[in-house]
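The values are calculated or read from the model by the stated rules, or taken from the named source; none is laboratory data. Source: prediction; values computed, not measured. Here Cβ is always computed from backbone atoms with ideal geometry, including for glycine, and neighbour counts include all displayed protein chains.
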Amino acid sequence: MKLSTDLRTDEKNILTSWRSPQDPGIGNFTSTIEPLEIPQSFVWKNGYPYWRSGPWNGQIFLGMPYMKSFYKHGMDVVNDHLGSAYLIFTNLNSSILMYYVLKSSGNLEEKLWSAEKGEWLITWSSIVNECDVYGTCGAFASCNAQDEPVCSCFPGYEPKNKDEWNAGKWSSGCKRKTPLRCQKKCR
């Protein structure tokens with residue numbers, strides 16, 4: 001498998017999701033490597049960031065705390081520092097069957113065949129909890145998967161839409177409780 005982006009030629013090799021688990025039409029999610037200063041893997045939803053791996057340090061993606069340096073097992077990122085980067089996966093053990101899939105939900109998964117169980121097992125998933133998804137809590141809020149609810153407004157802020165917030169829909173974010181003084185003078 002190879003995901004790549006070349007900014008000079010505007011060419012991309014991407015992974016695309018299905019529309020739904022039953023419909024193999026082109027879905028809303030794509031995944032590729034972005035040749036930023038330090039390359040990162042992204043999942044995009046309709047062209048907007050949905051998930052990112054964090055920067056590649058030569059062994060792991062730093063935004064994936066569960067990825068250890070020994071994890072690499074055939075994964076590598078190449079960056080020419082001229083606008084081109086690619087992520088390549090080569091199965092180092094041909095006796096192990098595995099593949100990557102971008103689900104219609106936007107979750108990127110690694111699956112491994114278990115002959116013992118006779119089924120594909122998920123061995124890695126990009127989205128572990130709600131906080132892994134971009135914009136879960138909206139502006140001026142933080143996300144902590146250990147908290148209930150996972151989203152909370154920064155000090156001095158309150159939910160922008162309290163009804164949505166209380167229903168567990170936090171993406172509208174938070175707003176200041178009191179306006180800044182400069183805003184009072186301007187009005």
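Overview of results
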| item | result |
| --- | --- |
| Failed item in (1) loosely packed, with under 13 Cβ neighbours inside 10 Å; (2) touching a residue at least 24 places away in the same chain (Cβ under 8 Å); (3) on the phi > 0 side of the Ramachandran plot, with Gly47 passing the rest | (2) |
| Region 1-20, subset over 26 Å from Thr90 (Cβ atoms) and modelled with pLDDT of 95 or more, residue surrounded by the most Cβ atoms within 10 Å (Cβ to Cβ) | Arg19 |
| Residues of region 173-182 that turn out to be assigned to a loop (DSSP other than H, G, I, E, B) and modelled with pLDDT of 95 or more, as a count | 1 |
| Residues (among the hydroxyl-bearing types (Ser, Thr, Tyr) and not in a strand (DSSP E or B)) located in region 4-36 | Thr9, Ser20 |
| Search result, residues across region 101-144 that are charged (D, E, K, R) and part of a loop (DSSP other than H, G, I, E, B) | Lys103, Glu116, Lys117 |
| Per-region count, region 145-172, residues part of a loop (DSSP other than H, G, I, E, B), out of contact with any Ser or Thr (no Cβ under 8 Å at 6 or more places or on another chain) and touching a residue at least 12 places away in the same chain (Cβ under 8 Å) | 4 |
| Residue match in region 133-152 (condition: closer than 26 Å to Arg52 by Cα, among the acidic types (Asp, Glu) and assigned by TED's automatic domain parsing to the domain that holds Asp23) | no |
| Residues (at pLDDT 90 or above, over 13 Å from Ser125 (Cα atoms), in a strand (DSSP E or B) and not small (Gly, Ala, Ser)) located in region 37-63 | Gln40, Phe42, Trp44, Lys45, Tyr48, Pro49, Tyr50, Pro55 |
| Only one of Ile26, Ile38 that is within 23 Å of Tyr134 (Cα to Cα), in the same structural domain as His81 (by TED's automatic domain parsing), touching a strand residue (DSSP E or B) at 6+ places or on another chain (Cβ under 8 Å) and surrounded by 14 or more Cβ atoms within 10 Å (Cβ to Cβ) | Ile38 |
